[in-house]
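Working notes, beginning with the structure itself.
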Amino acid sequence: MIPTGLQKLDEFLSGGIPDGVIVDIFGGNGTGKTQLLLQLCMNSIKSGGNVLYLDTTGGFRPERILEIQKHFGIEFDYLEKITVSRIRNTSEQIKSINNFGKNHFSLIVIDNITDLFSYEYKNDETIFEKNSLFMKYLNQLSKFAITNKIPIIITNMIRILEDKEVENMKSAIDPFTHIKIHLSKNSSKFQGQIYWAFDKQSFSYTINKMGLSHNSEDI
C-alpha cells in the first residue's frame, strides 16, 4: 500500500494505492501529474521500496526530487532507489516488460504511456494496428501487476474534442486500469476526479511546488 499524501484520496482508497493494480493518471499540461507521480515514488521508497521509472518523453527531472529533499531537510537520497530507463520507441516499451522481474521493484512507473504509440502510428490507416498492439501491451502489464502484486502507475495526456477533454486512446486503456485519476486546473486550484470500481467520487486539492496538501472537502 502506497499512501498518496492526500488525506481524502487515501481515505477513499482505504489507505493508498494497493498492490497489483494499474493506476492511470491523466490530464493536460501543468495539472500536477508529475508532482503526484514523484510523490508516489518517494512514498514507496519511504516504505522501503525501489522504483522503476520508464521515461518515454525524456521528461524525468532528478532535480525536482532533490528540491523536495532540500526543502524538507531530508538527508536520505531518494534517487539511489529510482532506476530510470529512457524508452525511445514502442518496441523498447513493449519489450521492457521482460525486465520487470529482474529486480524487486515495489513500484513501476510509465510516463507517458501513449506518447510513442501516437507518434509512431500517426496515420488513419494504422489506427487498428496501433490499438491492437497497445491493448496487448496493456494486457501484459495488467497480468504482471496482478501476478506479482506490484502497482503500476501510468500517466497519459488528453486531447480536446468538441471543447471537451478526452483521454488519449481511452477506449484501449479503460479495460485494463483499476484506478483512474483525472487531473485538471481551475484558477489556482488543481482539481482531481477519481474512479474506483463501480463508484465515482470527486475531490479537489492543491499541489504546491514541494508537495501535496488537501484543500477542500469532497464534492
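The values are calculated or read from the model by the stated rules, or taken from the named source; none is laboratory data. Please read these numbers as outputs of a predicted model, since none were measured by experiment. Neighbour counts are summed over all protein chains in view; Cβ atoms, including those assigned to glycine, are modelled from backbone coordinates with ideal geometry. Note: accessible area is taken over every heavy atom of the protein model, side chains too, but ligands, DNA and RNA are not part of it. Shrake-Rupley method; radii C 1.70, N 1.55, O 1.52, S 1.80 Å.
Worth a mention:
- In the stretch 1-91, the portion of solvent-accessible area held by carbon and sulfur atoms comes to 45 percent [1.4 Å probe, whole percent, DNA, RNA and ligands not counted].
- For Thr56, the shell of other residues with beta-carbons less than 12 Å away shows a net charge of -3, using +1 for Lys and Arg and -1 for Asp and Glu.
- Ignoring aspartates and glutamates fewer than eight residues from Lys130 along the same chain, the ones with Cα atoms less than 13 angstrom from its Cα are Asp115, Glu120.
- Amide hydrogen proximity for Ile110: with H placed 1.01 Å from N in the peptide plane, the residues at 5 or more positions away or on another chain lying under 5 Å are Leu54, Ile153, Ile154, Thr155.
- Given charges at Cβ of Lys, Arg, Asp, Glu: the chain dipole, positive-most of Ser47, Asn103, Ile68: Asn103
- Exposed trypsin sites (Lys or Arg not before Pro) absent - longest run of the chain, DSSP non-H/G/I/E/B, at most 13 other C-beta within 10 Å: 1-87
- In terms of its C-alpha gyration tensor, the stretch 1-53 has an oblate overall shape, because the principal axis ratio a/c (a ≥ b ≥ c, square roots of the eigenvalues) is not below 1.5 and a/b does not outweigh b/c.
- Å² per residue, accessible surface of the stretch 55-199 at 1.4 Å: 59 Å²
- Estimated FRET transfer efficiency (Glu165, Ser187; beta-carbon r; R0 22 Å; 0.05): 0.85
- Of all stretches in the chain that contain no chymotrypsin sites (Phe, Trp or Tyr not before Pro) in a DSSP loop with at most 15 other Cβ atoms within 10 Å, the longest one is 77-197.
- Net charge dipole size for the stretch 1-136 [Lys, Arg +1 and Asp, Glu -1 on Cβ; Debye, nearest 20]: 160 debye
- Using the Cβ-Cβ distance between Glu129 and Asn29 with R0 set to 45 Å, the FRET efficiency works out to roughly 0.95.
- To the nearest 10, the accessible area of His71 is 110 Å² with a 1.4 Å probe.
- Whether the stretch 81-179 is rounded, prolate or oblate, judged on the alpha carbon gyration tensor where a/c under 1.5 counts as rounded: prolate
- Extending 7 Å from the Cα toward the beta-carbon at both Ile74 and Lys122 defines two label points whose distance is 4.0 nm.
- Reachable lysines from Lys33, criterion Cα separation under 22 angstrom, eight or more residues apart if same chain: Lys8, Lys46, Lys70, Lys81, Lys164, Lys170, Lys180, Lys185, Lys189, Lys200, Lys209
- Sparse-neighbour loop sites [GluC sites (Glu not before Pro); the stretch 1-97; at most 16 other C-beta within 10 Å; DSSP]: Glu75
- Over the residues of the chain, the helix contribution to mean residue ellipticity at 222 nm works out to -9000 deg cm²/dmol, using -39500 (n - 2.57) for each DSSP H run of at least 4.
- Length released on extending from Lys136 to Leu66, taking residue separation times 0.36 nm less the Cα-Cα span: 21.6 nm
- Computed over the stretch 29-122, the ratio Rg/Rh where both radii use C-alpha atoms and Rh is Kirkwood: 0.99
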